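The values are calculated or read from the model by the stated rules, or taken from the named source; none is laboratory data. Everything numeric in this text was worked out from a predicted model, so none of it was measured. No Cβ is skipped: glycine too gets one built from the backbone with ideal geometry, and neighbour counts run over all protein chains shown.
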Amino acid sequence: MANIEVPAPFKALLSGWSLIVVVLSVAGYSFRWNYYYNFGLQSLVLSAPLESLPVYAIEIARNPRFFIDLLQLGLVYLLPCQLTLLALRRAADVENEKIRTATRFVVHALALDKPLLVDALLALLLLIVAFQAGGEAGYRAYLTNAAEGTSRLPKVTVISRIDSKLPFIGCNTSTFKKSDPSMTPRFVGEPSVIDSLMAGKACTSEQWSWRLLLRDEKFVYLFATVKDPKERPETLVLPNSEDITLVFR
C-alpha cells in the first residue's frame, strides 16, 4: 500500500499546531501549579490529566494581561537570542579575516551552525517564556481569589446530615471547651486550628468567607478568604458524598 504524502504546507501547519499545544500545556501546568500551590493543593496539578492542560491555558489566555506577560518575557528571552544569532551570522561574513575566522570558530564550537540545534534552543526558550507567563498568571489569579475583597469564587455553605460520618467540624460560635472529651475531635496538627474552627472560624463572617475552590468526584475543596493574600488561607478538604449538601451564594 502506497504511503500518502502530506503536502508541505500542511506539514508546516501540523508541526506548528503541535508546538502550540505543547506551549499551551506548559503554560497551563505552570498556571495550575502556582495557583493551587498557594492553597496547599499542588497534588491536584500532579493528578490532573495532561489533555486538560491546553484547555486550561486557553481559559487563562482570555486575560489580556497574559499576552502582555508573553510579550515582555519574549523580549527578555527570545529577542537577545535572536539578536545574538543575527550578529554571529553577520560577523561570520565580514571582510575582516580575523573576525570572520574567530566568529566561525565560535559558531562551529557551539554547534550554532546546526539548524536543528538552533530550533531546539528557540523552542526551549519559548517553553520557558510560556512557563513563566503561566506561572505569573496563576499567582495573580490566586491573589485575586484568596482575598475577601476581590475573590470571584462563589461563597458556599456546607450542610451535613446529623448522622453523617464527616469530621466533627462545624459552625459554632460558642467557646470551644477542651475539657469536654465528647466535643474534642481527634486530630493531628496544631490545636489552634481546631480551636479557631470550633470557636467561630467555620462560620462565614464580615472579615472572611468560605468559598468553593474545587469539587471533583472524591473531594470538595473549601478555603477561608484572607485580608492579605500573601498569607496562605486555610483550606478544608471534605469527602464528596451524599452526606453533604452545598449551598452557593
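Being out of contact with any Lys or Arg (no Cβ under 8 Å at 6 or more places or on another chain) and either surrounded by 18 or more Cβ atoms within 10 Å (Cβ to Cβ) or within 30 Å of G40 (Cα to Cα) (or both) is the requirement here; does A123 meet it?
So A123 does not fit the description; no.
Could you please find all residues in the stretch 1-44 being of a type in the set (A, V, I, L, M, F, W, C), at pLDDT below 80 and out of contact with any Leu (no Cβ under 8 Å at 6 or more places or on another chain)?
Residues satisfying the conditions are M1, A2, I4, A8, F10, A12, L13, L14, W17, I20, V21.
Name every residue in the stretch 221-236 that is in contact (Cβ under 8 Å) with a residue 60 or more places away in the chain and part of a strand (DSSP E or B), in order of residue number.
Listed by number, the residues that qualify are Y221, L222, F223, V226, T235, L236.
Would you confirm, using the coordinates I've provided, whether A146 is more than 25 Å from P239 (Cβ to Cβ) and at pLDDT 75 or above?
Answer is no for this residue.
Pairs under 8 Å by beta carbon, first residue without any contact (Cβ under 8 Å) to a residue 40 or more places away in the chain in the stretch 62-82, partner among the small types (G, A, S), six or more apart or different chains?
F67/A61
Just give me the residues in the stretch 82-129 being of a type in the set (V, I, T) and out of contact with any helix residue (DSSP H, G or I) (no Cβ under 8 Å at 6 or more places or on another chain), in sequence order.
T84, T101
Please specify each residue of the stretch 195-222 satisfying the condition of being touching a Gly at 6+ places or on another chain (Cβ under 9 Å) and surrounded by 20 or more Cβ atoms within 10 Å (Cβ to Cβ).
Of everything in the stretch 195-222, those that are touching a Gly at 6+ places or on another chain (Cβ under 9 Å) and surrounded by 20 or more Cβ atoms within 10 Å (Cβ to Cβ) turn out to be L197, M198.
Here is a yes/no grid of residues against (1) modelled with pLDDT of 90 or more; (2) not assigned by TED's automatic domain parsing to the domain that holds F39:
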position: Y139; (1), (2): yes, no
position: Y142; (1), (2): yes, no
position: S151; (1), (2): yes, yes
position: K165; (1), (2): no, yes
position: N172; (1), (2): no, yes
position: T175; (1), (2): no, yes
position: R186; (1), (2): no, yes
position: G189; (1), (2): no, yes
position: Q207; (1), (2): no, yes
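Residues R100, R65: which one is assigned by TED's automatic domain parsing to the domain that holds L19 and either farther than 30 Å from V45 by Cβ or not in a helix (DSSP H, G or I) (or both)?
It is R100.
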